[in-house]
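Only one structure is covered here, and it is reproduced in the block below.
Just so you know, all these numbers are worked out from the coordinates, no wet-lab data involved. What you see is a predicted model, and the numbers here were worked out from it, not measured in a lab.
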Amino acid sequence: MVIEQFTRVGLASTAVAAVTAAVGLYIGYQAYRGLRRHDSPPMRYLSAGLILLFGVTYVVAFTGNALLRLGSVPLVYQGYFRLAVRLVQLAGVGCIAYSLYLTRSDVATTE
């Protein structure tokens, strides 16, 4: 069986990654709920950034790690999964930064 090949630390690491992905998706869901309540451009970008940063990033990382560990995908593609995670992180942080910029510019125009 494939699970017998894992060490206890490897199994613990996989379990923590799965829980982190689930919590990330929960944070993304809460951001989406906030967007539905306060539909504004800054909230749209903040919500998208949180979903990308805390939801999609961890799901991509967990899925890639699982596929690599199970041997479904050759180890050669490890770098591609890492790049995908970093690109999603960059997009998430960029959305959050842009939402803060919009919030600041909205405040400046109302004063």
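With n ≥ 4 as the cut-off for DSSP H runs, can you work out [θ] at 222 nm for the chain, using -39500 (n - 2.57) per run divided by the number of residues, rounded to the nearest 500? Don't jump to the answer; show the numbers that get you there.
Working: 4 runs with 87 residues, N = 111.
Rounded to the nearest 500, it is -27500 deg cm²/dmol.
Whole angstrom only: what separates the Cα centroid of segment 8-69 from the Cα centroid of segment 85-99?
Each part reduced to its Cα centre gives a spacing of 13 Å.
Tabulate in residue order the Karplus-calculated ³J(HN,Hα) for segment 50-60, using 6.51 cos²θ - 1.76 cosθ + 1.60 with θ = phi - 60°, rounded to whole Hz; enter x for Gly and Pro.
Calculated HN-Hα couplings, in order: 5, 5, 5, 6, 9, x, 5, 4, 6, 5, 5 Hz.
Note down the relative contact order for segment 2-105 as a percent, whole number, built from C-alpha pairs under 8 angstrom at least six residues apart.
32
Kindly write out, for segment 38-48 in residue order, the coupling ³J(HN,Hα) from the Karplus curve 6.51 cos²θ - 1.76 cosθ + 1.60 (θ = phi - 60°), rounded to whole Hz, with x marking Gly and Pro.
Coupling constants for segment 38-48: 10, 6, 9, x, x, 5, 4, 6, 4, 4, 4 Hz.
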